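Structure first, commentary second.
The values are calculated or read from the model by the stated rules, or taken from the named source; none is laboratory data. Remember, predicted model here, so these are calculated numbers, not experimental data. Every residue, glycine as well, gets a Cβ built from its backbone with ideal geometry; the counts of neighbours run over all protein chains shown. In case anyone asks, the SASA skips ligands and DNA or RNA and just uses the protein heavy atoms, side chains included. Shrake-Rupley method; radii C 1.70, N 1.55, O 1.52, S 1.80 Å.
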Amino acid sequence: AWTESLLFLVGLIAAPALYALVVAPPAINITTSLPLLIAGGVLVGIGSRLGAGCTSGHGVCGMSRLSKRSILATLTFMAVAIIVVTVSRNLIAG
């Protein structure tokens, strides 16, 4: 199983690098801090593990199968996302 994980990580790095060599690389403008980006990525990974799947897996595949667990998971992460954006934009950012 670790072989697939390693190949996946290599692909995550190699695919954009190859694309940048073949096509003009896109302009990227990061407007937040690196620690915040890392924390967000770690939290998404933890949430995917705890939720037994990713947001699109539950939201697209699980809900289309009328899975109660996926419907609840989708409602939960949508509610949390709305709360986080509201708090961060209105209360924290000023």
| field | One residue from Leu50, Leu34, Leu7 being more than 18 Å from the chain's Cα centre (by Cα) and either in contact (Cβ under 8 Å) with a residue 40 or more places away in the chain or open to solvent by 100 Å² or more (accessible area, probe 1.4 Å) (or both) | value | Leu7
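Residues that are among the small types (Gly, Ala, Ser) and touching a His at 6+ places or on another chain (Cβ under 8 Å): does segment 23-43 have at least one?
We begin by selecting, within segment 23-43, every residue among the small types (Gly, Ala, Ser); these are 24, 27, 33, 39-41.
Then keep just the ones that are touching a His at 6+ places or on another chain (Cβ under 8 Å); that gives none.
Within segment 23-43 (the criterion being among the small types (Gly, Ala, Ser) and touching a His at 6+ places or on another chain (Cβ under 8 Å)), the answer is no, since none of the residues qualifies.
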| Lone unmet requirement of (1) open to solvent by less than 100 Å² (accessible area, probe 1.4 Å); (2) assigned to a helix (DSSP H, G or I) for Leu91 | (1)
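Which one is nearest to Ser88 (Cα to Cα) among residues in segment 53-75 that are aliphatic (A, V, I, L, M) and open to solvent by 40 Å² or more (accessible area, probe 1.4 Å)? Explain how you work it out, then say what you get.
Let us first name the residues in segment 53-75 that are aliphatic (A, V, I, L, M), namely 60, 63, 66, 71-73, 75.
Imposing the further condition that a residue be open to solvent by 40 Å² or more (accessible area, probe 1.4 Å) reduces the set to 60, 63, 66, 71-72, 75.
Numbers: Val60: 27, Met63: 29, Leu66: 32, Ile71: 26, Leu72: 24, Leu75: 20 Å.
Looking at residues that are aliphatic (A, V, I, L, M) and open to solvent by 40 Å² or more (accessible area, probe 1.4 Å), I get Leu75.
Just for segment 16-31: of the residues that are open to solvent by 100 Å² or more (accessible area, probe 1.4 Å) and among the hydrophobic types (A, V, I, L, M, F, W, C), which one is nearest to Ser88 (Cα to Cα)?
Keep residues of segment 16-31 that are open to solvent by 100 Å² or more (accessible area, probe 1.4 Å), which gives 18-19, 21-22, 27-31.
When the remaining residues are screened for being among the hydrophobic types (A, V, I, L, M, F, W, C), the result is 18, 21-22, 27-28, 30.
Values: Leu18: 36, Leu21: 37, Val22: 38, Ala27: 26, Ile28: 23, Ile30: 17 Å.
For segment 16-31, the residue satisfying everything is Ile30.
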| note | Val42: passes all of (1) within 19 Å of Ile71 (Cα to Cα); (2) assigned to a helix (DSSP H, G or I) but (1)
